[in-house]
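Since the structure comes first, as structure tokens, the remarks are kept for the end.
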Amino acid sequence: MPRKARELSAIEVRRLVEPGLHFVGEVPGLALQVLPTGGRSWILRSKIGAKRRDMGLGGFPEVSLAMARDRAREARTKVRSGVDPIAEAKSTRSALIAAGAASITFKKATEKYIEAHSAGWSNPKHAAQWESTISRYATPVIGDLNVADIRMPHILAILEQPVPLDRAGKKMGKFWEHRTETANRLRGRIESILDWCKGRGHRSGDNPAEWKGNLDAQLPNPRRIARVEHQPAVPVAEIGSFMVELRKRDGVAARALEFAILTAARSGEVREMRWGEIEGDLWVIPAARMKARREHRVPLSAATRTLLESLPRFEGVDLVFPGSRGNALSDMTLTAVMRRMGRTEVPHGFRSTFRDWAAERTSYPSDMAEMALAHTISSAVEASYRRGDMVEKRRRMMEDWASFCGIQSNSSSEVIGIRNISSA
């Protein structure tokens, strides 16, 4: 038991300047510690279990004599109750540190999520689309909130926020009801980010952005209020005349578009195409550039091989269709070619044109056309049995497609001459 000291007044405590431990009375074990440097702090000396312990109660004069005595009484009460106040304080401090480390705003979490996943996205503009939709619609509402504090009302505030329905902004409507596809895509992105946060220990509990069993009770089903708009495509009946006009145009972009049509490939796959990917009469697209993250082999028809042979090669540039600076063409370059031709369709729509041709004008199996388009097989059972890529069977189909597009192969007739192209 600490010795009983004379009760000192606040003035007497203020005058204590000699280095050492000065007991101030009233509460057993309470002392003012004076350091050789002049610093002063409160110490409570008590016996916890079988050991004598010194517990810090704060610095003086920030913690006054009265405050120190109150803290000392509270600590002694805990000791009598069997609680170690020193261990309790350490635990509380550790919890605060851990909470601080786990604390992260939604805006910062978004940055970290995109950084963690962007390497797995085959299309570079995917990250830009994430950043754009989130910064425009979500960040103003929850960007500065700790992700641990985000609840359903916050998500509803994002999805039901007013958006302009005309350019003048005079008519407004709910985001979810009038821009449903974008709103639902944003909801899914928020859900993914919050799931990532939960896995990293930044939040716990249910995901407020989840649809099933959650938001589905609060909002109308997007399938019932959104009109699905497919990519505008050149009709099958017009592809021949379109190709005639396209082949009249010079430039790398026109040739890239022509090649994309003949191979039914995605624009990005063509724009990023390297000479090293051509293996004989096959174009082998690496998995890193494919949407499904699987290598895709494209049989090159005689027309596509002739097109490739006509292209200029530039020293130090491995791109098949380089831009003026030797870099890849932008995703709008091919669209610009079509706009100059007076067309409102988009390059991606030619994949739909090819699919319609295969279904309506040929007897080729549906799965062969899907394989040519590098579509993922939705049935896990079918995928487990169909592990090949039908490349040899697809070779005839691609020759027929080129023929339908008005470009005959060498085996049947003279190949239509390809115009000289510039490097731009």
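The values are calculated or read from the model by the stated rules, or taken from the named source; none is laboratory data. Since this is a predicted model, take the numbers as computed values, not measurements. Methodologically, a virtual Cβ is constructed for each residue, glycine included, from the backbone with ideal geometry; neighbour enumeration extends over all protein chains shown.
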Q.
For the stretch 319-329: of the residues being in a loop (DSSP other than H, G, I, E, B) and crowded, with 20+ Cβ neighbours inside 10 Å, which is nearest to the chain's Cα centre (by Cα)?
A. L329
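Does K112 satisfy the condition of being at pLDDT 90 or above, in contact with a Ser or Thr (Cβ under 7 Å, 6 or more places away or on another chain), assigned to a helix (DSSP H, G or I) and of a type in the set (K, R)?
Details: at pLDDT 90 or above: yes; in contact with a Ser or Thr (Cβ under 7 Å, 6 or more places away or on another chain): no; assigned to a helix (DSSP H, G or I): yes; of a type in the set (K, R): yes.
Against the criterion (at pLDDT 90 or above, in contact with a Ser or Thr (Cβ under 7 Å, 6 or more places away or on another chain), assigned to a helix (DSSP H, G or I) and of a type in the set (K, R)), K112 does not qualify.
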(Q) Can you confirm whether R151 is modelled with pLDDT of 95 or more, surrounded by fewer than 16 Cβ atoms within 10 Å (Cβ to Cβ) and under 16 Å from K107 (Cα atoms)? (A) yes
Q: Please work out which residue is nearest to the chain's Cα centre (by Cα), limiting yourself to the stretch 330-359 and to residues that are aliphatic (A, V, I, L, M) and farther than 15 Å from I239 by Cβ.
A: M332
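Looking at S103, S118 in this structure, which one is surrounded by 12 or more Cβ atoms within 10 Å (Cβ to Cβ) and either modelled with pLDDT of 90 or more or within 30 Å of A288 (Cβ to Cβ) (or both)? Don't jump to the end; show me each part of the working.
Details: S103 fails: either modelled with pLDDT of 90 or more or within 30 Å of A288 (Cβ to Cβ) (or both).
Every option except S118 fails the conditions.
Every residue in the stretch 260-318 that is among the small types (G, A, S), crowded, with 16+ Cβ neighbours inside 10 Å and part of a loop (DSSP other than H, G, I, E, B), please.
Those that are among the small types (G, A, S), crowded, with 16+ Cβ neighbours inside 10 Å and part of a loop (DSSP other than H, G, I, E, B): A264, A265, S301.
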Q) Of (1) surrounded by fewer than 17 Cβ atoms within 10 Å (Cβ to Cβ); (2) modelled with pLDDT of 80 or more; (3) among the hydrophobic types (A, V, I, L, M, F, W, C); (4) closer than 29 Å to R6 by Cβ, L44 satisfies all except one. Which? A) (1)
Q: Mind listing just one residue for me: the one in the stretch 338-379 that is among the polar types (S, T, N, Q), touching a residue at least 40 places away in the same chain (Cβ under 8 Å) and not in a loop (DSSP other than H, G, I, E, B) and, of those, nearest to L246 (Cα to Cα)?
A: T353
Q. Checking H126 against (1) touching a residue at least 40 places away in the same chain (Cβ under 8 Å); (2) within 30 Å of E295 (Cβ to Cβ); (3) touching a helix residue (DSSP H, G or I) at 6+ places or on another chain (Cβ under 9 Å), which single condition isn't satisfied?
A. (1)
(Q) If the requirement is being modelled with pLDDT under 75 and within 12 Å of the chain's Cα centre (by Cα), which of these qualifies: P85, P124? (A) P124
Q) Which pairs have Cβ atoms under 8 Å, sit 6 or more apart or on different chains, and link a residue in the stretch 79-90 that is closer than 12 Å to K47 by Cβ to one that is at pLDDT 75 or above and assigned to a helix (DSSP H, G or I)? A) D84/K78
Q) Can you tell me which residues in the stretch 221-234 are loosely packed, with under 12 Cβ neighbours inside 10 Å and modelled with pLDDT of 90 or more? A) N221
Q: Would you check if there is a residue in the stretch 176-194 being buried (at least 20 other Cβ atoms within 10 Å of the Cβ) and touching an Asp or Glu at 6+ places or on another chain (Cβ under 8 Å)?
A: yes
**Q.** Filtered residue count, the stretch 12-51, keeping only those that are of a type outside the set (V, I, T) and part of a helix (DSSP H, G or I)
**A.** 2
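Of the residues D318, D331, which single one is modelled with pLDDT of 90 or more, within 25 Å of H126 (Cβ to Cβ), touching a helix residue (DSSP H, G or I) at 6+ places or on another chain (Cβ under 7 Å) and not aliphatic (A, V, I, L, M)?
D318
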(Q) Looking at the structure I just gave you, is E269 over 30 Å from L156 (Cβ atoms) and within 25 Å of the chain's Cα centre (by Cα)? (A) yes
Q: Taking G199 as the residue in question, decide whether it is surrounded by fewer than 14 Cβ atoms within 10 Å (Cβ to Cβ), at pLDDT 90 or above and under 30 Å from A287 (Cβ atoms).
A: yes
